[in-house]
Amino acid sequence: MNMETTLILLRLAGLMCLGLIVANFVAAPRLGYARNLAGSGNLVRQIFYVHCGYIVLLITALAVLCLGWPQLLLAEGMGQVVSGFFTVFWGSRVVVQLTYYDKTERRKERFWDLFFLLVFFTLAAIFATATSSTP
Amino acid sequence: MKELLNYGLLFAGFGLTALVIASLWIPKVLGWKEKLKDLSPLIKELWWTYSFYVWASNCFFAVLALGFREWFLGGSSSAAAMAGFICFWWSVRVYLQFFGFDFDEVEDTGGNRIAKLLLTLLFLYLMIFFAIILWWNLGGAR
């Protein structure tokens, strides 16, 4: 795949990451984070929200990188290592969704289950393409 | 100075490696399994998924600190951006350590006190050291 196309795909990945950030904020009330965590201890609740925050931070940084400086992800050495990391990151997210998440819960929200599987798979494929692209 | 920073990166890498290995015991030490048993299956799955990805990010930072020292000290704007991001990551963690987390639930044993002290020192080191790497790449190198 030529460099121009890969850069366009990386910008598309950036937009998808922005969508995932929004989805994280929508998920909190929809999945009842506060209600579900109400009975747990303070530390459990705090760790959950902190981990959510760190994931949002990581995806935000990735979105900024993809939209602003996608060529850095194609640079030899560090660029390809970062792209490789995000290939594994999103690829493993597909595996987690298919093998770890409760099938009954997934069936209840089949549309969103398939939608997010497609998003994670596409992101993994884009970063795999970036990893294998050499300038 | 560059040689000193090189050793500093090595130390950061080993510190992060120790952290990711030690993190494998945190669920047991803090009794997560017991504490999470009342959560709904979905929230429990999200809990473990998010924890895993934060842990994986720390693994990645360890790999970068150990394997890309020359790149981190090369004076490039991308190295500055990466160092800035890692510095911010650990600054948030330092803030949470002092003002965010409620550690009252953690058993007050000698081992836990030492572990907390070592973790706090490591987080402070990572925050300060990557701030120095940021400064180095923004012009401190010249």
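The values are calculated or read from the model by the stated rules, or taken from the named source; none is laboratory data. What you see is a predicted model, and the numbers here were worked out from it, not measured in a lab. Using ideal geometry, Cβ is built from the backbone for each residue, glycine included, and neighbour counts are taken over all protein chains shown.
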Discussion item. Looking at A:Val81 and the list (1) touching a residue at least 40 places away in the same chain (Cβ under 8 Å); (2) within 8 Å of another protein chain (Cβ to nearest Cβ), which single condition is not satisfied?
Written reply: (1)
Practice prompt. Kindly check whether there is at least one residue in the range B:90-100 that is touching a Leu at 6+ places or on another chain (Cβ under 8 Å), farther than 14 Å from A:Gln46 by Cβ and either in contact (Cβ under 8 Å) with a residue 40 or more places away in the chain or not in a helix (DSSP H, G or I) (or both).
Written response: yes
Worksheet item: Does any residue in the range A:29-54 that is more than 8 Å from chain B (Cβ to nearest Cβ) come within less than 7 Å, Cβ to Cβ, of a residue that is assigned to a helix (DSSP H, G or I) and not hydroxyl-bearing (Ser, Thr, Tyr) six or more places away or on a different chain, and which pairs are these?
Response: A:Arg45/A:Leu37
Response to the item:
Screening A:Phe48, A:Phe89 for residues that are within 24 Å of B:Leu36 (Cβ to Cβ), at pLDDT 95 or above, buried (at least 19 other Cβ atoms within 10 Å of the Cβ) and not acidic (Asp, Glu) leaves only A:Phe89
Worksheet entry | Leading residue by the ranking (farthest from B:Glu70 (Cα to Cα)) among those in the range B:1-29 that are among the small types (Gly, Ala, Ser) and buried (at least 16 other Cβ atoms within 10 Å of the Cβ) | B:Gly15
Worksheet item: Among all residue pairs at least 6 apart or on different chains, which show Cβ distances below 9 Å where the first residue, located in the range A:100-116, is loosely packed, with under 13 Cβ neighbours inside 10 Å and the second is among the charged types (D, E, K, R) and not in a helix (DSSP H, G or I)?
Response: none
Worksheet item: (1) surrounded by fewer than 18 Cβ atoms within 10 Å (Cβ to Cβ); (2) touching a residue at least 24 places away in the same chain (Cβ under 8 Å): which one isn't true of B:Lys37, the others all being true?
Response: (2)
Response to the item:
The number of residues in the range B:55-68 that are surrounded by fewer than 16 Cβ atoms within 10 Å (Cβ to Cβ) and not in a helix (DSSP H, G or I) is 0
Worksheet item: Looking only at the range B:104-118, which residues are assigned to a helix (DSSP H, G or I), within 14 Å of another protein chain (Cβ to nearest Cβ) and surrounded by 13 or more Cβ atoms within 10 Å (Cβ to Cβ)?
Response: B:Glu105, B:Asn112, B:Lys116
Discussion item. Can you go through B:Ser91, B:Ser57 and tell me which one is farther than 18 Å from B:Leu10 by Cβ, of a type in the set (Ser, Thr, Tyr) and more than 10 Å from chain A (Cβ to nearest Cβ)?
Written reply: B:Ser91
Worksheet entry | Unique residue being crowded, with 19+ Cβ neighbours inside 10 Å and over 24 Å from B:Gln97 (Cβ atoms) when the list is A:Val22, A:Val82 | A:Val82
Practice prompt. Can you tell me which residue among B:Trp47, B:Trp32, B:Trp71 is free of Cβ contacts under 8 Å to residues at least 60 places away in the same chain, over 17 Å from the mean Cα position of the chain (by Cα) and crowded, with 19+ Cβ neighbours inside 10 Å?
Written response: B:Trp47
